[in-house]
């Protein structure tokens, strides 16, 4: 079983890593360092839960659920920590990765980061290319509701991006 588990995990990792990283980038508001850490945490959670996978859904759907739950759990943990606003110490921090943090992707992820948790999840799945039925199954709402929510999220994102 251990060899089979390792092979299955390797397949899942190779198939799903880009999707998981993109989801984590959205949840971490484009912060690449946090996103990579969270991605690693997601795959640890996948490894630990691999024996519980029943095959009732596709591996990708299952990985989405674990990714979403891991991201939400991380966000909840962070909310409980005392944080100093970055603006308060910005003058002390020298950004070595300034070039990597510029551009359209950074502003998009920053805008996505301003959305509610469920809205971030939905738009990240859309960006990943998930169809509405898959999103509906993962989130647990009807496909028509998914369409309406995504339409509203896109309007909000456009408004956020236009004001920046």
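Residue by residue, here is whether (1) out of contact with any helix residue (DSSP H, G or I) (no Cβ under 8 Å at 6 or more places or on another chain); (2) part of a loop (DSSP other than H, G, I, E, B); (3) modelled with pLDDT under 80 holds:
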{"residue": "83", "(1), (2), (3)": "yes, yes, yes"}
{"residue": "88", "(1), (2), (3)": "yes, no, yes"}
{"residue": "95", "(1), (2), (3)": "yes, yes, yes"}
{"residue": "137", "(1), (2), (3)": "no, no, yes"}
{"residue": "146", "(1), (2), (3)": "no, no, no"}
{"residue": "150", "(1), (2), (3)": "no, no, no"}
Of the conditions (1) over 11 Å from the mean Cα position of the chain (by Cα); (2) under 20 Å from residue 111 (Cα atoms), residue 17 clears all except one; give me its number.
(2)
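The values are calculated or read from the model by the stated rules, or taken from the named source; none is laboratory data. Please read all numbers here as calculations on a predicted model, not as lab measurements. Methodologically, a virtual Cβ is constructed for each residue, glycine included, from the backbone with ideal geometry; neighbour enumeration extends over all protein chains shown.
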